[in-house]
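Take a look at the structure below.
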Amino acid sequence: MLVVDNLGISLGQTRALRPLSFSLDAGETLGIVGESGSGKSITALAIMGLLPEVMQASGSILLKGENLLALDESSLCALRGRRMAMIFQEPMTALNPVMTIGRQIAEGLVLHGLMTSEAAASEAVRLIERVGLPEPELRAHSYPHELSGGQRQRAMIAMAISCRPALLIADEPTSALDVTVQAEILALLREIREETGMGMLFISHDLAVISKLANRTLVLYGGAAMEMGETQALLAAPRHPYTRGLIAAIPRGNAHTTPLRPIRGHVPELHGLPDGCPFHGRCLTGTDLCRRSSPAPDVASTTAWCHHLDGGQGA
Amino acid sequence: MRRALRHPSFLIGASLSAVIVFIALVSLVWTPHDPGQMRILSRLKPPDASFWLGTDQFGRDIASMLMVGARNALLVGLVAVGIGFTFGSVLGMLAARFEGSLLDDVVMRALDFVFAFPAVLTAILILTLFGPGLVNAVLAIGLFNIPVFARQARGATLQVMTRDFIRAARLAGCGTASILVRHVVPNILGLMIVQASTQFALAILAEAGLSYLGIGTQPPNPSWGRMLNDAQTFLARAPLLAIFPGMAIALSVLAFNLLGDGLRDIIDPRLKER
Amino acid sequence: MTLAVAALVVFWILEVLPGDPAATMLGISATPETIAALRTELGLDQPPVARFLGWITGMFSGQLGISYAYRVPVGGLIAERVAVTLPLAVLALMLASSIGIALGTLAASKANSVIDSVVMGVAQLGLAIPNFWFGLLFVLLFSVTLGWFPSGGFPGWSGGILPAFQALVLPALALALPQSAVLARLTRSSLLETMGEDYIRTARAKGLTRGQTLRRHALRNALVPVLTMMGLQFSFLVAGTIIMENVFALPGLGRLLVQAIGGHDLILIKNLVLLFVGAAVIVNAIVDIAYGYADPRLRVSRP
């Protein structure tokens, strides 16, 4: 359904994302994990066609066979919200403070010509109920500041699924929420995916969260793909040193016996992205080769981009 | 400096202001005619070789009156802004230094009140009480400039006071006065000058308004606002009389507004309007 | 509260500071006998506190005193003039906000384009032009040259709405233009700032075009600072009516005030000034209420 082929993003002379390819089927969830600055959010924005004007995208993004990068602005507007929708990280600021929840949800339905405004208003109430908000009638007339963070994120989800899009992009949808609320929102997203059969891109810096939802996972670092594969395989047998580092950094129940192992060093600045493998500066197995050239993909249980897959301890 | 020379509104503003100041200075030593001299036989004449911009209803030379008027406008701006700048800055800095104290409270409340009071009404009250005239008009304009500068100075000082070098100076035993003069003033001066430029433009506008009403500059001193008032009577016969003084006011105000905008962008590029 | 302090200040400046108000009102040519007579008439032999209280209590019962120059009750005099000044101010405020917000929105939606530069250039010019000069130019163009509008005077509301309205359009427009320049600049910068907010991205992700987002989502949020400015501007507008009524010879409060100053009519002046201050206070209260409509977060309680 979604085929991203050699998507590269640059900011002037600076590469923000190295050519990246992945695909997503209907009903499937691809998790994209990475630290801030890894390129995961701009990948999402590029698919939506909402990159800041200073950034340029190359390659192709096919949504149901249509290349989004070749579309003009008005055709993109017709697709946004209708065929693809997005949920953002900050439920506090991502909703318009001066518009009722109901109107914000109904807006897309009317805009894309699916319903009259009266029908959209009652559909909004139904959607609010669907995402599990109590007293939907009342909530439809509430303003965002009258809702809690979790409730707002539910409203965001209702807004995103209102037009039954084929693709839903969720950019860190739970990162700003309490842990208990996080779990509820994840459950809701899973339910909705099963119900509607839409494809989902789930973006997070938290591998643990991704593992609860994603069929497949793509690990990004410094604007380049590190490893991609079935989530279970990737978690069980990570092949890339960076993935291994990420997994080791997840706190587990038996925290007393397994020490957390942070990855040494810091994320390189985008401007100063080194040539070769972006992780080489922090990688324990990094060699001169890693600095000079980007590794080719190696397909086995997962696909990994690393020169030293068979050796070393990783980070 | 190089940035200043490439900034369009600063360039236009600065050169226009320079021209106006130059004209005002020239008027001290030379004008085409005596601006006060009346000529019964050449009243309301259109521009010609001798009277470049024509004459008014008393046969006075408009060009000469405008030149002297520039002097008048600049003087008003200078004194009024000077009053506001001096008293406002000192009050604002003191209020900030003793933030939260009774002094701060009283000063800010009083300023709030002056602020809420329509400025022209203040001016009219003062002019009613002490009689119309240039000096009183300037005092009145200066008075309602004080809160503007005081607020700006207070805000800017509060920001500077949080910086490390102030703490260092205080630890080194510097007194309040010395901290304010040696460390705060140089740091807030830029912002204050920007504000002064804008207020200068507003002062020129205010004086023109008061003089137009007949309670500002008194005859025979030429004032642009007063010239417009005179021109109104003869609007049908000599429309140009109403054009030139208005243009003089607009150009001066524009000059100092642009200068202020440009200075602000240069001093603090972050404040630049996108 | 503000009003009470204002009344005290006005009273103090006009009646206590000058020493003998009667002498001030009569001017230097007055004889001691006429001054004494006026003192008795005005009740000046009473202490200032009693006079102040008398003025305030009179205000609530509608007894504002007798104008010295006009020899008629001040209350009636003012009421008659309000019918000119209030419509003028309201019309000017409406024109200023609609022109200013429309131009600011236009400039912001075409940010950094030629249209943007032109609109902002015009606004810069509008800031520099004194409103009474606008007035004079309008009279020159529309009345003297084209003859479309009366050059001044006011036919009164009894002669029908249209002629009265016609007499108010030019002065209101002249008053409005410099204010709309201020509002246009503010609207533009506020809109551009708002366009960087997260919920704007949400709206774009919904499929709204940049223009639709600007009008439906950004504008209302951006108007909060614009509202604040409109409240502050009201005092400029009051100042403007005083001047503009003299440009167009409109029999309003401003003209009355200038005439009262000319005639040293202290009783009239103190009431007029307080009225203007009161109007400013009321407008600021209205602005506070308008905040609630513009931004639901600022509402005290839900209806």
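Based on this model, can you work out whether A:P52 counts as free of Cβ contacts under 8 Å to residues at least 12 places away in the same chain, under 18 Å from the mean Cα position of the chain (by Cα) and within 25 Å of A:E107 (Cα to Cα)? Here the answer is yes, as A:P52 does meet what is asked.
Restricting the first residue to the range C:133-150 and requiring it to be facing chain B (nearest Cβ under 7 Å), which pairs with a second residue that is assigned to a loop (DSSP other than H, G, I, E, B) and basic (K, R) meet a Cβ separation below 9 Å and a spacing of at least six or different chains? Close Cβ pairs satisfying both conditions: none exist. Pairs meeting the criteria (first residue in the range A:25-38 and in the same structural domain as A:L235 (by TED's automatic domain parsing) and modelled with pLDDT of 90 or more, second residue part of a loop (DSSP other than H, G, I, E, B) and open to solvent by less than 30 Å² (accessible area, probe 1.4 Å), beta carbons under 7 Å, at least 6 apart or on different chains) are A:A26/A:A166; A:A26/A:M198; A:T29/A:L213; A:T29/A:A214; A:L30/A:A214; A:G31/A:L213; A:G31/A:A214. The set of residues in the range A:151-184 being more than 18 Å from A:E123 (Cα to Cα), surrounded by fewer than 24 Cβ atoms within 10 Å (Cβ to Cβ) and among the β-branched types (V, I, T) consists of A:V179, A:T180, A:V181. Taking residues in the range B:59-73 that are of a type in the set (S, T, N, Q), and partners anywhere that are open to solvent by less than 10 Å² (accessible area, probe 1.4 Å) and not in a helix (DSSP H, G or I), the pairs with Cβ atoms closer than 9 Å and at least 6 places apart or on different chains are B:N72/B:T217; B:N72/B:S223. The set of residues in the range A:62-86 being over 20 Å from the mean Cα position of the chain (by Cα) and hydrophobic (A, V, I, L, M, F, W, C) consists of A:A70, A:L71, A:C77, A:A78. Restricting the range B:218-257 to residues that are out of contact with any helix residue (DSSP H, G or I) (no Cβ under 8 Å at 6 or more places or on another chain) and not in a helix (DSSP H, G or I), the residue that is farthest from the other protein chains (Cβ to nearest Cβ) is B:P220. Scanning the range B:205-217 for residues that are under 22 Å from B:T31 (Cα atoms) and within 11 Å of chain C (Cβ to nearest Cβ) yields a single hit, B:A208. Of the residues making up the range A:147-158, just one is within 17 Å of the chain's Cα centre (by Cα) and within 11 Å of another protein chain (Cβ to nearest Cβ), namely A:M156.
Let's see how each residue does on (1) buried (at least 17 other Cβ atoms within 10 Å of the Cβ); (2) under 21 Å from A:T231 (Cα atoms):
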position: A:S23; (1), (2): no, yes
position: A:V33; (1), (2): yes, yes
position: A:K40; (1), (2): yes, yes
position: A:L51; (1), (2): yes, no
position: A:Q56; (1), (2): no, no
position: A:L68; (1), (2): yes, no
position: A:M86; (1), (2): yes, no
position: A:T100; (1), (2): yes, no
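Criterion first (open to solvent by less than 20 Å² (accessible area, probe 1.4 Å), among the aromatic types (F, W, Y) and either part of a helix (DSSP H, G or I) or free of Cβ contacts under 8 Å to residues at least 60 places away in the same chain (or both)) does B:F149 satisfy it? Here the answer is yes, as B:F149 does meet what is asked.
Residue-by-condition table, conditions (1) under 12 Å from the mean Cα position of the chain (by Cα); (2) open to solvent by 70 Å² or more (accessible area, probe 1.4 Å); (3) under 25 Å from C:L253 (Cα atoms):
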| position | (1), (2), (3) |
| --- | --- |
| C:I78 | no, no, yes |
| C:L86 | yes, yes, yes |
| C:A89 | yes, no, yes |
| C:A92 | yes, no, yes |
| C:I101 | no, no, no |
| C:G104 | no, no, no |
| C:K110 | no, yes, no |
| C:S113 | no, no, no |
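A:H145 falls short on exactly one of the conditions (1) part of a helix (DSSP H, G or I); (2) farther than 26 Å from A:E230 by Cβ; (3) out of contact with any helix residue (DSSP H, G or I) (no Cβ under 7 Å at 6 or more places or on another chain), and that condition is (3).
Listed by first and then second residue, the pairs with beta-carbon distance under 8 Å, at least 6 apart or on different chains, first residue in the range C:230-241 and free of Cβ contacts under 8 Å to residues at least 60 places away in the same chain, second not in a helix (DSSP H, G or I), are C:S235/B:F117; C:S235/B:P118; C:F236/B:P118; C:A239/B:P118.
The residues of the range A:276-303 that are open to solvent by 20 Å² or more (accessible area, probe 1.4 Å) and among the small types (G, A, S), listed by number, are A:G281, A:G286, A:S293, A:S294, A:A296, A:A300, A:S301.
Where helices (runs of 4 or more DSSP H) sit wholly within the range B:33-136, those with at least 1 residues that are at pLDDT 80 or above, touching a Pro at 6+ places or on another chain (Cβ under 9 Å) and more than 19 Å from B:R226 (Cα to Cα) occupy B:62-97. In this entry, A:E184 is excluded by the filter for residues that are in the same structural domain as A:D206 (by TED's automatic domain parsing) and either at pLDDT 95 or above or within 23 Å of C:G207 (Cβ to Cβ) (or both).
Any idea how many residues of the range C:142-165 are surrounded by 13 or more Cβ atoms within 10 Å (Cβ to Cβ) and aliphatic (A, V, I, L, M)?
Start the filter on the range C:142-165 by keeping residues that are surrounded by 13 or more Cβ atoms within 10 Å (Cβ to Cβ), which leaves C:142-144, C:149-152, C:154-157, C:163-165.
Now drop any that are not aliphatic (A, V, I, L, M), which leaves C:144, C:164.
Result for the range C:142-165: 2.
Just so you know, in the range B:169-184 the residues that are touching a residue at least 12 places away in the same chain (Cβ under 8 Å) and open to solvent by less than 50 Å² (accessible area, probe 1.4 Å) include one that is farthest from B:G88 (Cα to Cα), and it is B:A169.
Looking at the range B:202-217 only, could you name the residues that are in a loop (DSSP other than H, G, I, E, B) and farther than 16 Å from B:G77 by Cβ?
So the first thing to find is which residues in the range B:202-217 are in a loop (DSSP other than H, G, I, E, B), and the list is B:213-217.
Passing the criteria: B:L213, B:G214, B:I215.
For the residues B:I204, B:I126, B:I166, B:I215, the requirement of being without any contact (Cβ under 8 Å) to a residue 24 or more places away in the chain and either buried (at least 22 other Cβ atoms within 10 Å of the Cβ) or closer than 30 Å to C:A6 by Cα (or both) singles out B:I126.
Among the residues of the range C:241-286, those identified as under 20 Å from B:G209 (Cα atoms) and either of a type in the set (V, I, T) or touching a strand residue (DSSP E or B) at 6+ places or on another chain (Cβ under 7 Å) (or both) are C:T241, C:I242, C:I243, C:V247, C:V258, C:I261, C:I269, C:V273, C:V277. Residue pairs whose Cβ atoms lie under 9 Å apart, separated by 6 or more positions or on different chains, with the first residue in the range A:4-24 and closer than 12 Å to A:T43 by Cβ and the second surrounded by fewer than 20 Cβ atoms within 10 Å (Cβ to Cβ) and among the aromatic types (F, W, Y), are A:V4/A:F22; A:L7/A:F22. Candidates are the residues of the range C:183-241 that are within 12 Å of chain B (Cβ to nearest Cβ) and open to solvent by 40 Å² or more (accessible area, probe 1.4 Å); the one that is farthest from the chain's Cα centre (by Cα) is C:G196. Of the residues C:I282, C:I269, C:I261, the single one that is more than 14 Å from the chain's Cα centre (by Cα) and either without any contact (Cβ under 8 Å) to a residue 40 or more places away in the chain or more than 11 Å from every other protein chain (Cβ to nearest Cβ) (or both) is C:I261.
The values are calculated or read from the model by the stated rules, or taken from the named source; none is laboratory data. Please read these numbers as outputs of a predicted model, since none were measured by experiment. All Cβ positions, even for glycine, are placed from backbone atoms using ideal geometry, and neighbour counts span all protein chains on display. Surface accessibility is based on the protein's heavy atoms, side chains included, excluding ligands, DNA and RNA. Shrake-Rupley method; radii C 1.70, N 1.55, O 1.52, S 1.80 Å.
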